[in-house]
Every structure is written in C-alpha cells, then in structure tokens.
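Asks: Take a look at the following structure, please.
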Amino acid sequence: MGEKFDVIVIGAGPAGYVAAIRCAQLGMKTACADEWIGKNGKPALGGTCLNVGCIPSKAMLESSELYENLSEHGKLHGILTGDLGADVPAMVARKDKIVTELTTGIEGLFKANKITWLKGRGRLLPDKHVEVTAGDGEQTSHAAENVILATGSTPIDIAAAPMQGDRVVDSAGALDWTEVPARLGVIGAGVIGLELGSVWRRLGSQVTVLEAQDVFLPMVDQQVAKDAFKQFGQQQMDIRLGARVLSTEVGKKAITVSYQDDKGDQKLVVDRLIVAVGRRPNSDGLFDPGAGLLTDERGLIHVDEQCRTNLPGVYAIGDVVRGPMLAHKGSEEGVMVAELIAGEYAAVNYDAIASVIYTHPEIAWVGKSEQELKHAGEKYKVGVFPFAASGRAKAQAESQGMVKVITDAVTDRILGVHIVGPKASELIMQGVIGMEFEASAEDFARIVFAHPTLSEALHEAVLASEGRALHIPNRAPRKRA
C-alpha cells in the first residue's frame, strides 16, 4: 500500500491540475495521477488542452493569422512586404516551445504547492483507493479521503474514416504537419474542425469541410451563425452541410472521401484529411466495476450540481461530466470541488459560461440564444449592432460581424450576448460579467464606454434593444411578447 492522501486527483488537465492546486492551497495533502506522455517521450502535465488542444491550436491560429494579415491585407494598411513566405516547421517549433514552457510551468506549481505527482494511469478502486499503473507496468495503490475524477475527453473515431499515419488524422495530428497540404478535407464543422481548417486555409490549403448536420453551428444563435457562415464562404472555405461521410479510400497520392448529401452520392479528393466530429469522455477503464460508480450510456459520470458522484467522497469534473467540454468550465468545477471538500461554500453558475470559436471572425456567446428563447416561449427583446458602424473596427479593417444582445422583456435582465467579429473572445467576457452580476440592459446603457473601442459595439447593441442606438439608424427593437 502506498501513501495516504487527503485528496487524490486523477487527471492533470485544466480541470485536474487546477483542482489539485486549490486543494493544496487549502491545506490538504494532495496527489495528482496522470499518464500523459509528451512529444519528448517524458511525462507531462496539462492534459489535452496544453499539450495537443487549446494552447497549441491557438499558437498555430495566431501564426497563420499573422501570416495572412501580412500577405493578404498588408497593402491595405500601406505595408509593403515584398516576397513573403510561411516557414511552417518554424511555426510548429514555436508552438511546441510554448507547450513545453506551460507544461513545465505547471510542474513548477505542483512543486511549489507540495503536490505529489503520481506518474501513470489512475484507476478508482472500491473504498476510495486509487491504483496507479506506471509506463513500465509497475502498479501502486494509494488511499484517499476524497477522490476527484478529471480524466478529460478524447477525439471520437468514426469507422468511415479510420486514422492513417499523418494523412488521416485527428485534431492532435493536424497540429504537427510541417508542410501545407494543397487540398485539405475536414470532417466536422464544429469548433475544432473550423479552427484547424482555418489554420491550414490561411497557409494556402484549399479547404473543404463536410458536416453531416443540415444546420451550421446549431448551438450558436442562428443570426450569428449565418453571418459567420457567409464570412467563411467569402474566405473560400467550402463548408458543405448535410454531407454524411460513408467511407474513405487512402491511395498513394490522394484520399477519396465518399459522402452523401441531398443531391445523392458524392466524392471529394484531398491530400490530407482531419476527422473532427466531436469528443467522448475518458471514462473507459477509469474505475473498477466493484466501485459502483454510475455513468450514462455515453460514458459521462453522473454528478449533481456540485459535481458529487453517487459515491461519498468521490467527485467528477470537466469533460467526464455533463455540460460543455470547455477547459474553463472544468477548471472552475475543480475550484468548486476543492472548496467544498474544505468545508467552504462554493458553486459554479452554469448559465454564465462563455463559449468561443477562435476562427476569423471569432464567434463567442454566453447565455440563451434567440432560438432557445423562442422555443421556450419567453418574452424577450433583441438589439443588434454591426461592426460596420464601429469606428475602431473600421480603423482595424475588421468591420464585418455584429454584437447581439437579448434581454428579458419584463425584467430587463441580460439573457444572452452573441458576437461574431473582431476580438469576440475578449468582448464576450463583458457580457459574462454583466450576467454574473444580474445586470439589466439599463445598467449597461448607463455605463460610459471608452471611444473608440470595439466594446462600444456591446453598448450600442444594448441601446438598440431599447430602440435608442446612437450610431445606426434607429428602429423599433425586435420583440417577442
């Protein structure tokens, strides 16, 4: 029997490592088990997000956007670049350097907080024991007063497009190519598919995205989604909706994807293919059947609003439980659980968690969409302000898109904020803060926003919901009573 701990966290992604740090801050003897092996063949903290997900994808998005801005839009700003090229291996190396710096930074935080790093695959046994299997197969068992399950998620495989080397890849594989494919296919027009497709389109790929659903981004407010779809089309990203992939044939020189749409059987020939059809929870083998942990048919662990499982002293957070698979959602659940274990009050407001797609344009939203409110029969008002009327957006040559604010027609509370356009990922947090503090439209309307800023678009959208926007033609606000 190994060491006994107050808390053992299984998983060291954004949910797990944050939970471990907060537990240690609160004076608990804490361990964290994780089996991730980095590109250098050594154990690494940070999980999918830091190693092959959020952080490396944003690094590549930033590099590719900077390249496109200089090559395509430099002349607009009076910038003459001459012969401009993309050094893709250098971009990948920069991405890897950022990953290494951040993962080793977490290792430093573990040491500073005296957290024991159990290097290996953690598995919940009965009576809150945790078995850890190291890479060499050696097993140790540890006891804990509390166990937090935070093993994240993994890309969904589909039989119609099995992985094959560096030619048919998942999201992780698409971040390591050192050459730009001439023709790139992407299966799935969700967050990951759009972001990775954007990276390689900017660098020169002809990108075709196949999406089985007939509606583009159904989880996004559809007025915003339609605007985004139009902008992607203007960028020559070919997004084909209602396209159900049947099979793939990997030849020596090309990959043929067979699919069906409303016109019948179709074929797409590409050089590389990314499969990005969603993610599933990493709960397989996470617990001994004798432990009695409850999961659903998708492998999600049953929890209450405070992430308690059916087992006393066992919690689950992040991608292995209900709700959106978002790093920041998992992190805050980790903080909440740590504070609950310490006997403090803690909660997460699931109604005020922002979602972001880091494409160009960026897409971000929080709260209810108009289609959700309409379906529920709620009374609401809508205000929309286009970035075309924003002086700052014009100065940045980024004047497409809009800010949309939805308010309660009775209470005046902000119900949802939806943005497509420049810096949406940053602007959305103003909406989140407002909703967290239960702000009304009048509260936002009375705030003095600096000029010229992109944030003024949010202010004007709120004013528009009252029929009194200042920088667009005034019209009666759209209502559903």
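Asks: Among 18-30, 339-351, how do they line up by average Cβ neighbours within 10 Å per residue, starting with the highest?
Replies: The densest-packed peptide leads the list: 18-30, 339-351.
Asks: Taking just the C-alpha trace of the stretch 300-459, give me its Rg and Dmax in Å.
Replies: 17.9, 57
Asks: Here's something else I'd like to know. Could you rank the peptides 308-320, 63-75 by their average count of other C-beta atoms within 10 Å per residue, with the highest value first?
Replies: With the highest mean Cβ count within 10 Å placed first, the list reads 308-320, 63-75.
Asks: Sorted by average packing, counted as other Cβ atoms within 10 angstrom per residue and highest first, what order do 143-150, 121-128 take?
Replies: Highest-to-lowest ranking by the protection proxy: 143-150, 121-128.
Asks: Too long at a 32 Å Cα-Cα cut-off: which of Lys368/Lys394; Lys42/Lys423; Lys75/Lys230; Lys128/Lys329; Lys329/Lys374; Lys42/Lys329?
Replies: Those over the limit are Lys42/Lys423.
Asks: Of the heavy-atom accessible surface of the chain (probe 1.4 angstrom), what whole percent is carbon and sulfur?
Replies: On the way: 11430 of 22340 Å².
The nonpolar share, carbon plus sulfur, comes to 51 percent.
Asks: What value in Å³ per residue do you get for the convex hull of the alpha-carbon atoms in the stretch 183-238?
Replies: Cα-based convex hull of the stretch 183-238, divided per residue, equals 67 Å³.
Asks: While we're here: Rolling a 1.4 angstrom probe over the protein heavy atoms, how many square angstrom per residue are accessible across the stretch 356-440? All intermediate terms of the calculation are to be shown ahead of the outcome.
Replies: Values: 3460 Å² over 85 residues.
That works out to 41 Å² for each residue.
Asks: Continuing with this model, one more query. What is the P(r) of the stretch 340-410, as percent of Cα-Cα pairs per 10 Å bin from 0?
Replies: 15, 33, 29, 16, 6, 1
Asks: Additional query: Mind checking which lysines have their Cα closer than 21 Å to the Cα of Lys267? Skip sequence neighbours fewer than 8 apart in that chain.
Replies: Lys252, Lys253
Asks: Would you please classify the overall shape of the stretch 30-152 from the alpha carbon gyration tensor, given that a ≥ b ≥ c denote the square roots of the eigenvalues, rounded means a/c under 1.5, and beyond that prolate means a/b larger than b/c while oblate covers the rest? Walk me through the numbers before you get to the answer.
Replies: Working: a/c = 3.68, a/b = 3.23, b/c = 1.14.
Prolate is the answer for the stretch 30-152, as a/c is 1.5 or above and a/b outweighs b/c.
Asks: With contacts defined as alpha carbon pairs under 8 Å and 6 or more residues apart, what's the relative contact order of the chain in percent?
Replies: Relative contact order, the chain: 14 percent.
Asks: For Lys263, list the aspartates and glutamates whose Cα falls under 20 Å from its own Cα; do not include residues on the same chain fewer than 8 positions away.
Replies: Glu211, Asp214, Asp238
Asks: Another question, if that's okay. How high is the relative contact order of the stretch 413-481, in percent, with contacts defined as C-alpha pairs under 8 Å that are six or more residues apart?
Replies: 22 percent
Asks: Taking a cut-off of 18 Å between Cα atoms, list the lysines near Lys114, but don't count ones fewer than 8 places away on the same chain.
Replies: Output for Lys114: Lys4, Lys29.
Asks: Another question, if that's okay. What shape does the chain have by the C-alpha gyration tensor, where a ≥ b ≥ c are the square roots of the eigenvalues, rounded means a/c under 1.5, and otherwise prolate means a/b greater than b/c and oblate the rest?
Replies: oblate
Asks: Let me ask another. With just the Cα atoms of the stretch 308-364, tell me how far they stretch along each of the three principal axes, in Å, largest first.
Replies: The Cα atoms of the stretch 308-364 stretch 45, 20, 15 Å along the principal axes, largest first.
Asks: If you average the C-alpha positions of the stretch 294-371 and of the stretch 72-130 separately, how far apart do those two centres end up, in angstrom?
Replies: Measuring centre to centre over Cα atoms gives 23 Å.
Asks: With an 8 Å cut-off on Cα pairs and a minimum separation of 6 or more residues, tell me the relative contact order of the stretch 13-131 in percent.
Replies: Normalised by residue count, the contact order of the stretch 13-131 is 39 percent.
Asks: Oh, and also: Could you give me the percent of Cα pairs per 5 Å distance bin for the stretch 260-352, shortest bin first, beginning at zero and ending with the bin that holds the maximum distance?
Replies: With 5 Å bins starting at 0, P(r) equals 2, 11, 19, 18, 14, 9, 7, 6, 6, 5, 2, 1, 0.
Asks: Let me have the 222 nm mean residue ellipticity of the chain computed from DSSP H runs of 4+ only, each contributing -39500 (n - 2.57), with the sum over all residues rounded to the nearest 500.
Replies: Value at 222 nm, helices only, nearest 500: -9000 deg cm²/dmol.
Asks: Is the shape of the stretch 13-67 best called rounded, prolate or oblate, per the rule: a/c under 1.5 gives rounded, else a/b larger than b/c gives prolate, else oblate, with a ≥ b ≥ c the square roots of the Cα gyration tensor eigenvalues?
Replies: Because a/c hits 1.5 or more and a/b fails to exceed b/c, the stretch 13-67 counts as oblate.
Asks: I need the Debye-formula profile for the stretch 66-123: one equal scatterer per C-alpha, no solvent, reported as log10 I(q)/I(0) at q = 0.13, 0.28, 0.29 1/Å, two decimals.
Replies: At q = 0.13, 0.28, 0.29 Å⁻¹ the computed log10 ratios are -0.60, -1.05, -1.08.
Asks: Oh, and also: Please report, to two decimal places, log10 I(q)/I(0) for the stretch 104-163 at q = 0.16, 0.17 Å⁻¹ as given by the Debye formula with identical point scatterers on the Cα atoms and no solvent.
Replies: -0.73, -0.79
The values are calculated or read from the model by the stated rules, or taken from the named source; none is laboratory data. Treat the numbers as computed from the prediction; the structure is a model and nothing was measured. Glycine gets a Cβ as well: all are built from the backbone with ideal geometry, and neighbour counts include every protein chain shown. When the accessible area is computed, the model is the full protein with side chains, heavy atoms only, and any ligands, DNA or RNA have been set aside. Shrake-Rupley method; radii C 1.70, N 1.55, O 1.52, S 1.80 Å.
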